[in-house]
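Novice: Sharing a structure with you now.
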2 protein chains.
Amino acid sequence: MSQARAYAAFAADKPLAPWTFERREPRPDDVVIDIAYCGICHSDVHTVRAEWGEIQYPQVVGHEIAGRVVAVGKKVKKFKAGDLAAVGCMVDSCGKCANCKRGLQQHCVAGATFTYNSKEKDGSQTQGGYSTRIVVTERFVLKVKKGLPLERVAPLLCAGITTYSPLKRHGAKKGTRVGVLGLGGLGHMAVKIAAAMGAKVTVLSGSESKRADAKRLGASAFLLTKDAARMQAAASSLDLIIDTVSGAHDVNAMLGLLDVGGTLVMVGAAPEPHAIGSFPLVLGRRAVEGSLIGGIPETQEMLDFCAKKGVLADVEVIAAKDVNEAYERMLKSDVRYRFSIDASTI
Amino acid sequence: MSQARAYAAFAADKPLAPWTFERREPRPDDVVIDIAYCGICHSDVHTVRAEWGEIQYPQVVGHEIAGRVVAVGKKVKKFKAGDLAAVGCMVDSCGKCANCKRGLQQHCVAGATFTYNSKEKDGSQTQGGYSTRIVVTERFVLKVKKGLPLERVAPLLCAGITTYSPLKRHGAKKGTRVGVLGLGGLGHMAVKIAAAMGAKVTVLSGSESKRADAKRLGASAFLLTKDAARMQAAASSLDLIIDTVSGAHDVNAMLGLLDVGGTLVMVGAAPEPHAIGSFPLVLGRRAVEGSLIGGIPETQEMLDFCAKKGVLADVEVIAAKDVNEAYERMLKSDVRYRFSIDASTI
């Protein structure tokens, strides 16, 4: 066992605070990683505040983890001490079901083991990345290319793969007309990745203040969604929309922007159902699809793609003591575009 | 000009009644068809009752038309007098837009000319298939194999293509697990066509009385949608659902039946939006898609497929004078599974 320092949640209505806990002794297939940075995702806030159901406290969240390997179990083949490594939303799965065998561990029939607020196969509680160390089976550890800035790599592990996966699946490439709805943590990654794939990207946003950033991030157009005339003029002009908005919003208005056969992919999950008309779907042969992060092979593919294309998250690095304030700022969209916790400050 | 007899609507709240009107002189590209049978589609009722907006009366509806060619314009190449022929939901389109060029005339950017309640390029009103004759440009006339029973071919022109198109697009074949929601005019064609493609078909219905028919039509399983225990047991067991229900229904419950990456295709259009949760979409990477009939090349492909596989609609042939009663019976689902009007009785 080794001690890890962390910032943990102790109750739904209390701020995160320092905590020290034990990480397990590495098993033969384990990789021990000293965490350098961990991104802050909206899921972290939903979880610690018990908005997605009751949780066990103390709870360490964080699933956008980048760091350095410090030790490996004796059967580990792909990693050695000194390697850069990353961990995303999952740390294990059954490995035997049809979905696992297809590399879709996030859809493991037995239920994947998530990086926090989940149970390991031995029944122990998982604890996430707002900590100094993590121990993970090598099957769920990703390789990171040497020389990359880890504070900007960390958010790729959730925000990056969540947007890469549907872009890849729908064949985004030169000429594809991609809309990105919402320019936050996920949206800014969607813009960068789609642009790196060669797509023509339009940012769809309710906030004029995002126009300049949209262009800077790689979008070739910006559409203010509350401008009815421009929305009308843009009807049927997109092939694919990555919808990163997790709250209630007018999905039908977005569907109207899709050309025949186009798809709107939801990567956020709103608590209430969306009112979706059958007419915009049927008359334009359009689809609304959900997408959940990505499997381990695709996550590695995404990291390699981003390394090759120079795609990194735009981050604001914070000290761990500022995590509670960062939550409040993120909820007000006051971050461009992801907070990255410097684990050396924990 | 030639005279045609018809059963026409004269007002939203009046029964259809006999009417005589003129069909145009055939142009060089026109095919003149003496109609043998015309299927009755729900769209016909919505249209004559002005439920989809105001219409021009008198109005002759009907877009499931099968008959025999009696004359052709001098430039017509694909048809000659005596051939069997069919006409579906469209009689013209611009022919120049990207969608027309891809054979998706139903999505013509300029708007397709529909078989009834629509405007020809010359501004004249289209009148549909509850009539003895129709004149249509050869580009929108389909070939029917000799010897087929036309009363059972007619419904393929809407109910057949509407279900064939999404089954084909999603690659239904041996091993594909297809659910068909609703066993009416469209549903019974979906079952027959999916089974003919080799798929394993499950009928999803709220009515136990459809169980025997489901099997007879080619389904290998029947799932009573109000049986919560069996619905739960069938979670994630289907690859594709053809949803033929046009009224309000619980789409989320159906999404739960889809495996990872599965799609529910809506071919009916409910007047009110559906409440669709993002969780069933996101957690299972599922999609809800709309589909609108099919283009002309695909309609011909469907007719050829059905001829080869022996797929025909189950019909109840009626005399034209019984059309109003047939409407009432259809609205009560009291038909197995499509009414086909014998045009010789008009």
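Just so you know, all these numbers are worked out from the coordinates, no wet-lab data involved. Note that the structure is predicted; figures quoted are calculated from it, not measured. Don't worry about glycine lacking a Cβ; one is built from the backbone with ideal geometry, like all the others, and counts go over all protein chains shown.
Novice: Between the range B:286-346 and the range B:135-151, how far is it from one alpha carbon centroid to the other, in angstrom?
Specialist: 15
Novice: Please compute the alpha carbon radius of gyration of the range B:246-301, then divide it by the globular-protein estimate 2.2 N^0.38 Å. Two decimals is fine.
Specialist: 1.30
Novice: Which angle from 0 to 90°, rounded to the nearest 10, does the C-alpha axis of helix B:159-169 make with the longest principal axis of chain B?
Specialist: Taking Cα atoms only, the helix is inclined about 50 degrees.
Novice: For residue B:333, go 7 angstrom from Cα along the Cα-to-Cβ vector, then report the distances to that same point in the other copies in nm, smallest first.
Specialist: The projected label point of residue B:333 is separated from its counterparts by 4.5 nm.
Novice: For the range A:22-154, what Kirkwood radius comes out of the mean inverse Cα-Cα distance, in Å?
Specialist: This gives a value of 15.1 Å.
Novice: Residue A:221 versus residue A:11, label points 7 Å from Cα toward the beta carbon: distance in nm?
Specialist: 5.2
Novice: Run the numbers for residue A:331 and residue A:279: contour at 0.36 nm per residue of separation, minus the present Cα-Cα distance, in nm.
Specialist: Working it through step by step, the gained length comes to 15.3 nm.
Novice: Moving on to the next point. Between residue A:101 and residue B:304, what is the FRET efficiency for a Förster distance of 25 Å, r being their Cβ-Cβ separation, to the nearest 0.05?
Specialist: 0.05
Novice: At 222 nm, what helix-only mean residue ellipticity would the protein assembly as shown give, in deg cm²/dmol to the nearest 500, using -39500 (n - 2.57) for each DSSP H run of four or more?
Specialist: Per the formula, -6500 deg cm²/dmol.
Novice: What do you get for Rg/Rh of the protein assembly as shown when both radii come from the Cα atoms and Rh is the Kirkwood radius?
Specialist: On the Cα set of the protein assembly as shown, Rg over Rh gives 1.06.
Novice: Moving to a separate point now. So for the range A:223-321, what are the equivalent ellipsoid semi-axes in whole Å, largest first, each being the square root of 5 times an eigenvalue of the Cα gyration tensor?
Specialist: Listed largest to smallest, the semi-axes of the range A:223-321 are 29, 17, 16 Å.
Novice: Classify the range B:96-172 as rounded, prolate or oblate, taking a ≥ b ≥ c as the square roots of the eigenvalues of its Cα gyration tensor: rounded when a/c is under 1.5, otherwise prolate if a/b is larger than b/c and oblate if not.
Specialist: oblate
Novice: Separate question: For residue B:221, which inter-copy label distances result when the label point lies 7 Å beyond Cα on the Cα-to-Cβ vector, reported in nm to one decimal and in ascending order?
Specialist: Result for residue B:221, in nm, nearest copy first: 4.4.
Novice: Still on this structure, please answer the following. Could you tell me the largest-minus-smallest coordinate of the C-alpha atoms of the range A:114-217 on each of the three principal axes, in descending order and whole angstroms?
Specialist: Computed over the Cα atoms, the extents are 47, 29, 28 Å.
Novice: Same structure again: For the range B:1-70, state which GluC sites (Glu not before Pro) are in a DSSP loop and have at most 13 other beta carbons lying within 10 Å of their beta carbon.
Specialist: Here the GluC sites (Glu not before Pro) that fit, given the DSSP loop and packing criteria, are B:51, B:54.
Novice: Further question: Kirkwood Rh, chain B, all Cα pairs: how many Å?
Specialist: 20.5
Novice: OK, next. Among B:160, B:147, B:95, determine the one that fluctuates most according to a GNM of chain B built with springs between C-alpha atoms less than 10 Å apart.
Specialist: B:147
Novice: Which distance in nm do the two modelled labels at residue A:146 and residue A:321 give, with both placed 7 Å along the Cα-to-Cβ direction?
Specialist: 3.6
Novice: In nm to one decimal, list the spacings between the residue B:297 label point and its equivalents in the other copies, with label points set 7 Å along Cα to Cβ, shortest first.
Specialist: Those label-point separations list as 3.3 nm.
Novice: Turning to a different aspect of this structure: Sorted from fewest to most neighbouring beta carbons within 10 Å, what does the list A:288, A:251 look like?
Specialist: Exposure proxy ranking, most exposed first: A:251, A:288.
Novice: Compute the relative contact order of chain A as a whole-number percentage, counting only Cα pairs closer than 8 Å that sit 6 or more residues apart in sequence.
Specialist: 18
Novice: Quick one: among B:151, B:208, B:272, which has the greatest mean-square fluctuation in a GNM of chain B with alpha-carbon springs under 10 angstrom?
Specialist: Result for chain B, Cα springs under 10 Å: B:272 fluctuates most.
Novice: Pick out which of A:44, A:243, A:322 has the largest mean-square fluctuation in a Gaussian network model of chain A, springs linking Cα atoms closer than 10 Å.
Specialist: Greatest mean-square fluctuation among the candidates belongs to A:322.
Novice: Expressed as cubic angstrom per residue, what is the convex hull volume of the alpha carbon set of the range B:160-290?
Specialist: 94
Novice: Okay, next question. Output the relative contact order of the range B:134-216, whole-number percent, from Cα pairs under 8 angstrom with separation of 6+ residues.
Specialist: 27
Novice: Return the average number of partner chain Cβ atoms within 10 angstrom of each residue Cβ along peptide A:271-277.
Specialist: Per residue, the number of nearby Cβ atoms from other chains is 6 on average.
Novice: Mind giving me the FRET efficiency for residue B:34 and residue B:110? R0 is 30 Å, r the Cβ-Cβ distance, nearest 0.05 is fine.
Specialist: Once rounded, the FRET efficiency stands at 0.50.
Novice: While we're on this one: Quick one: order B:77, A:321 by neighbouring beta-carbon count within 10 Å, fewest to most.
Specialist: So the residues, fewest neighbours to most, are B:77, A:321.
Novice: Still on this structure, please answer the following. When the Cα centres of the range A:232-274 and the range A:28-104 are compared, how far apart do they sit, in Å?
Specialist: Each part's Cα centre sits 31 Å from the other's.
Novice: Shifting gears a bit: Hey, fewest Cβ within 10 Å first, where do A:215, B:200, B:146, B:14 land in order?
Specialist: With the sparsest Cβ surroundings first, the list reads B:146, B:14, A:215, B:200.
Novice: If you take every residue apart from residue B:135 with its C-beta less than 9 Å away from the C-beta of residue B:135, what net charge results, scoring Lys and Arg +1 and Asp and Glu -1?
Specialist: It works out to a net charge of +2.
Novice: Between residue B:236 and residue A:121, what FRET efficiency comes out of the Förster formula 1/(1 + (r/R0)^6) with R0 = 22 Å and r the beta carbon distance, rounded to 0.05?
Specialist: Efficiency, from the Cβ-Cβ distance: 0.50.
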